[in-house]
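**Q** Take this structure first; my questions come after.
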Amino acid sequence: AMIITGIIIFEIRKKTKNILMILLPVIIGLLVFGLIFAKSIPSTISDYQKSSLSLRMAEWQGSFNAVLNRNVFRHLIGGGPETVYFTFFKYRPVAYNLSSEEQGVGPAQVRNYYLHLLSGIGLLGLLIYLYLLSLILKKAYLNAGNNYLDRGIFFSLSGITLLSIFYYQTDNVLLIFWTLTGLVLANNRKEEIMIKSRIMFLPLLILGIVIVLSGNRMLYADIFATESGVENIKTAIKINPFFDVYSRNLSKIYMNKMVAVKDSDKIQAEGFYLLSQKEGIRAYNINPVDIRNIRQLLLIQYYGGAYLNKKYHDNNIVLAEKLTELSPTDPNNWDLRGLVYLDLGRLSDAKKSFEYEKVLVPGKPGVYLHLGEVAKQTGRLEDAIGLYKIAIKLAPGWDFAEKELEKALKLLPQK
């Protein structure tokens, strides 16, 4: 649509200098898109907390808070490409629990590309990006009178630049963005990019070589990590030992192996547990504020305590409490915290965690099952039966809940 509009505007500009005639296609386009957008206004007003606008505002707020609560050095250079992911959770809105957008968008994406850059590469990086962007748009505009391709490129770039305010661009879109930019610059053969100062040539050359070599090393690590198999991920860790994702994924593989053999071979299961815990600790030590690392280490120690030895639960209380502190509105974190308390016999604390989980997401069947288990262990069998029935009502045909209900009914005194 942007390309077509651009072509029409430039064709009109050739035939008339009337500014109204030139802007007419833009006005028509805005009206059309405005009518489409207007359809979402009633639903946004009636249920703002679940609306896409509400989620965007929460993401923006989280990004701003993440930026403001860091030192001066990080203000300038940012905190890295995944900064948003492990800082957004603290400001995650409760509305996310009821919205399908949580899975579709995900917390790693602040739907404002400039805020995303500010969080990741800091004020200095954002200013450099905006400066380069302004040069590119200026060059594209100057070339736009030459032919249809350049006109389409200019309006495509303009559209992506504006859309970046409301939506975090994907890698595919950005690839197109920079490819089109390259076409614009390459098309202008009258000017050449030259390094005016020879003094800067050598430092820039060295920097370029370092970036290429580092990029290749990380690329090789990613190639190995994407291949299936433990040995490939181990190789990726050797190449890039500072990337926590590799260790976390390896921990998951070992954890699944442990669960698979827990009933048939306890010794082998114990070995897989220790390997999984080791990798989980490594990932956590690399990045202790990423809740994915906290959750993975907590999970492996929880399964180890549940299936192998209760002692593996010992360090989980600290992790569970840290998890809910970093992400207080995620019901899954409170569920894990409650399960840790439950397995350690701290029934009162487990009940509080599950009750808070129920507040965050009232219709989740699992929370009623867990509250039923707390009630059963405290001797309130009738309450437990009622909670199991609610879980089954919310998830008809749930075998595990039906079995727990059957067990509780057998424990009732015979009248």
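The values are calculated or read from the model by the stated rules, or taken from the named source; none is laboratory data. Everything numeric here is computed off the predicted structure, so don't read it as measured data. Ideal geometry is used to build each Cβ from the backbone, glycine not excepted, and the neighbour counts take in all protein chains shown. In case anyone asks, the SASA skips ligands and DNA or RNA and just uses the protein heavy atoms, side chains included. Shrake-Rupley method; radii C 1.70, N 1.55, O 1.52, S 1.80 Å.
**Q** List the number of the failed condition for G215; all other conditions in (1) at pLDDT below 90; (2) in a helix (DSSP H, G or I); (3) open to solvent by 50 Å² or more (accessible area, probe 1.4 Å) hold.
**A** (3)
**Q** Grab the helices (runs of 4 or more DSSP H) fully contained in the range 230-321, keeping just those with 1 or more residues being free of Cβ contacts under 8 Å to residues at least 24 places away in the same chain and on the phi < 0 side of the Ramachandran plot.
**A** Where helices (runs of 4 or more DSSP H) fall fully within the range 230-321 and carry at least 1 residues being free of Cβ contacts under 8 Å to residues at least 24 places away in the same chain and on the phi < 0 side of the Ramachandran plot, they are 230-239, 244-261, 266-286.
**Q** Still on this model: Return the only residue of K376, K364, K351 being open to solvent by 80 Å² or more (accessible area, probe 1.4 Å) and of a type outside the set (A, V, I, L, M).
**A** Of K376, K364, K351, the one residue that is open to solvent by 80 Å² or more (accessible area, probe 1.4 Å) and of a type outside the set (A, V, I, L, M) is K351.
**Q** For the range 329-340, state whether one or more residues are in contact (Cβ under 8 Å) with a residue 60 or more places away in the chain, closer than 22 Å to F89 by Cβ, touching a helix residue (DSSP H, G or I) at 6+ places or on another chain (Cβ under 9 Å) and in a helix (DSSP H, G or I).
**A** There is at least one residue in the range 329-340 that is in contact (Cβ under 8 Å) with a residue 60 or more places away in the chain, closer than 22 Å to F89 by Cβ, touching a helix residue (DSSP H, G or I) at 6+ places or on another chain (Cβ under 9 Å) and in a helix (DSSP H, G or I).
**Q** On the given criteria, is F155 open to solvent by less than 50 Å² (accessible area, probe 1.4 Å), part of a helix (DSSP H, G or I) and at pLDDT below 75?
**A** yes
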